[in-house]
Amino acid sequence: MIFEEKVFVLIFLVYLLGVLLFTDAIKVSGNCPSFGSSMTQTELLQELANECRYDKMVRPPGVINETDPIRIYTKAFIYTIRSNMAKTLRFDVHLMMQFRYLDKRLKFTDIAPYLSQIYGGQNAHKLIWTPTVYVANERTSAVMGNGVKDLLISISSYGMVILNTRLETTLNCGLRLEKFPFDVQECPLVFESWTHNVNEMVLDWDEDPIVIADNLYLTEYKLMDTWVNRSGISYTPSQYHYGHFAGNFSSINITFKLAREMGFFMMDYYIPSILIVVISWVSFWLHQDASAPRIVLGTNTILAFMTLASKVENSLPKVSYIKASEIWFLGCTIFLFAAMVEFAFVNTIYRRKKNVPLKKVNSKYILKSTLTPRLARKQFQKNTTGLERSRSWSSLDNASTNNDQDFTSQNYLTVHSFPSALNIPSVKIEEDKDPDYSVGSITTIDSTLPPAKSFTRRPTLAKLHNFTTMTPQQIAQWIDKRSRIVFPVSFIIFNILYWSFIWI
């Protein structure tokens, strides 16, 4: 019995060896086992992807010629866009990508006519060839298909493969913030071929390449438009970009046109800043000498605006160019600072004691005389040089004995510039005893009249030359009244120019 058992074991081993040798011979000769009459989808796909028939490392042949590159038709379904671009220069996109291509090696029309589609997930993905595509402008690039949890593959009876995968990508977007916060950004989503160049695989967009979800909602931006494009990327042998081989690689991209929602900035920045500037104008209705309330009002409005503006600027990246929000900030700051300067100017004038001589009561002469009071006074005195004056203390003594006692301490001016045939009047100038007045009064003496009547009229030199005077308090009040009009009109003009720049 022991001998018979040994013979049986030996025969069984010889049989197994023969089976293994026969199987290897079949593989070497290229013959594969035949398909069964009734197979499930999993069994059919396993037989179609058998190593004797299918090499997943080799791309599918071309549609017309086997050497032609395979065309991968792509479609994107976008259902979420989350943007935080203002500070991070990045935005998140949740989408489902669909890649469609023809693989003749997976055709099963004659093998299993009772099946129209084969569906699978990760298991099917491991058995067949799939395109290697990656997101070029993703923050952390990865080959598509590795570690992807949401994956669906469908294979039609004539070998059309549809690969659907859900992606969640964080994309880099270079922002242009010249018109912030009314900027419009164009951010791309770029796909590139990973291992196959344009001679082997070409990426292209399918019909209706982008589908936007109806319930798509963005908080900071709104999606204005999307468009697609395709191009080629060239890499030389000296370049090593994400492990690429040298050559030309196919690339497709989606461009998102995003416009920033301005409701937040209008309600939290622009309208409050306008109100702060308007509140600073209340200072013009306060008394010119009310230093405490006007200083408190000016400083509080400036501090409130600085605090408001800092919240907006801190949420932005530091850029080298000027943004629209900074132009607004500078404009409002200038108006607030000008209101403070106006108070300091008015208060300084209000505290003066000497009156200001004016040729005319208008803005030109008031501001000129106010800013340069000494120069104005010299110019005022210069206008009287047409009358040549000479002081005579002896004539002063004679006049003091013959005329009224009111003029005993006054000087006399003899006029020599008129023709001798005329009755030459004598001009008398009072000494400036009152410090509040810079010019004295004059009198004229008609030589033909009796001495008692020659001083009945005493017109001032300002009236003689059409000059007038204003007190510092009147000038301060005049400046405040003009500021009530100039500041609002200037701010309206600034707003017209600013918003015209924004919407152009």
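With respect to the conditions (1) of a type outside the set (S, T, Y); (2) within 25 Å of N495 (Cβ to Cβ); (3) surrounded by fewer than 20 Cβ atoms within 10 Å (Cβ to Cβ), A339 falls short on a single one, namely (3). In the condition set (1) more than 30 Å from F264 (Cβ to Cβ); (2) at pLDDT below 90; (3) open to solvent by less than 50 Å² (accessible area, probe 1.4 Å); (4) not small (G, A, S), K323 is compliant with all but (1). Residue count for region 48-105 under the criterion of being open to solvent by 50 Å² or more (accessible area, probe 1.4 Å), β-branched (V, I, T) and touching a residue at least 40 places away in the same chain (Cβ under 8 Å): the result is 1. Please go through region 205-226 and give me each residue that is exposed (fewer than 13 other Cβ atoms within 10 Å of the Cβ) and charged (D, E, K, R), ordered by number. Within region 205-226, E207, D208, D214, D225 qualify.
Any chance you could count how many residues in region 75-129 are among the aliphatic types (A, V, I, L, M), within 30 Å of N314 (Cα to Cα) and either over 49 Å from the mean Cα position of the chain (by Cα) or in a loop (DSSP other than H, G, I, E, B) (or both)? Before you say what the answer is, go through the steps one by one.
Going residue by residue through region 75-129, those that are among the aliphatic types (A, V, I, L, M) are 76, 78, 81, 85-86, 89, 93, 95-97, 102, 106, 111-112, 115, 118, 124, 127-128.
Checking the rest, the ones that are also within 30 Å of N314 (Cα to Cα) come to 81, 85-86, 89, 93.
Next cut, either over 49 Å from the mean Cα position of the chain (by Cα) or in a loop (DSSP other than H, G, I, E, B) (or both) only: 89.
Result for region 75-129: 1.
Picking from residues in region 160-178 that are of a type outside the set (S, T, N, Q) and under 22 Å from the mean Cα position of the chain (by Cα), the one that is farthest from Y134 (Cα to Cα) is E178. In the condition set (1) in contact (Cβ under 8 Å) with a residue 12 or more places away in the chain; (2) open to solvent by 50 Å² or more (accessible area, probe 1.4 Å); (3) farther than 17 Å from S490 by Cα, V312 is compliant with all but (2). Check whether at least one residue in region 314-324 is outside any helix (DSSP H, G or I) and either among the basic types (K, R) or in contact with a strand residue (DSSP E or B) (Cβ under 7 Å, 6 or more places away or on another chain) (or both), and report yes or no. Within region 314-324 (the criterion being outside any helix (DSSP H, G or I) and either among the basic types (K, R) or in contact with a strand residue (DSSP E or B) (Cβ under 7 Å, 6 or more places away or on another chain) (or both)), the answer is yes, since at least one residue qualifies. Out of all the residues in region 37-61, which are of a type in the set (K, R) and either out of contact with any strand residue (DSSP E or B) (no Cβ under 9 Å at 6 or more places or on another chain) or not assigned by the TED database to the domain that holds I118 (or both)? Those that are of a type in the set (K, R) and either out of contact with any strand residue (DSSP E or B) (no Cβ under 9 Å at 6 or more places or on another chain) or not assigned by the TED database to the domain that holds I118 (or both): R53, K56.
Of the listed requirements (1) out of contact with any Ser or Thr (no Cβ under 7 Å at 6 or more places or on another chain); (2) of a type in the set (D, E); (3) open to solvent by 30 Å² or more (accessible area, probe 1.4 Å), D183 misses just one: (3).
The values are calculated or read from the model by the stated rules, or taken from the named source; none is laboratory data. What you see is a predicted model, and the numbers here were worked out from it, not measured in a lab. Using ideal geometry, Cβ is built from the backbone for each residue, glycine included, and neighbour counts are taken over all protein chains shown. With ligands, DNA and RNA removed, areas are computed over all heavy atoms of the protein, side chains included. Shrake-Rupley method; radii C 1.70, N 1.55, O 1.52, S 1.80 Å.
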